[in-house]
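Peer 1: Quick one: the structure is below, questions incoming.
The values are calculated or read from the model by the stated rules, or taken from the named source; none is laboratory data. Being a predicted model, the structure only gives us computed values, none of them experimental. We place every Cβ from the backbone using ideal geometry, glycine too, and count neighbours over all the protein chains shown.
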Amino acid sequence: MAHDQHFALFSDSSKKLLDTKVISAMESTWVELDIQKGAKEWIQNDRNHGLVIQIENEDSDFINPFQYFSPFSCQVDLSKCSC
């Protein structure tokens, strides 16, 4: 029996639901969430308060997002730069 995972994206500043997707837990796929509303809010308010991703299973139990997402660092190691 396949289990579904519910991905929800919220604007951190207003707690507004921005996008939601349901995928099968058995499926290995990219999850694309639309952040346009959140980005427009950042521009209007001149502040970026970030985004919140919540994942729930079929029983509405919250799942740790790090089971699905890896942290990404935007820092650049200049010692490896050939510029």
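Peer 1: Is it true that residue 21 is exposed (fewer than 13 other Cβ atoms within 10 Å of the Cβ), of a type outside the set (S, T, N, Q) and not in a loop (DSSP other than H, G, I, E, B)?
Peer 2: Spelling it out, it is not the case that residue 21 is exposed (fewer than 13 other Cβ atoms within 10 Å of the Cβ), of a type outside the set (S, T, N, Q) and not in a loop (DSSP other than H, G, I, E, B).
Peer 1: Condition first: of a type in the set (D, E, K, R), in contact (Cβ under 8 Å) with a residue 24 or more places away in the chain and part of a loop (DSSP other than H, G, I, E, B). Now tell me which residues in segment 28-40 satisfy that.
Peer 2: Within segment 28-40, 34 is the sole residue that qualifies.
Peer 1: Given (1) surrounded by 11 or more Cβ atoms within 10 Å (Cβ to Cβ); (2) over 11 Å from the mean Cα position of the chain (by Cα); (3) modelled with pLDDT under 80; (4) not in a strand (DSSP E or B), identify the lone condition not met by residue 69.
Peer 2: Condition not satisfied by residue 69: (2).
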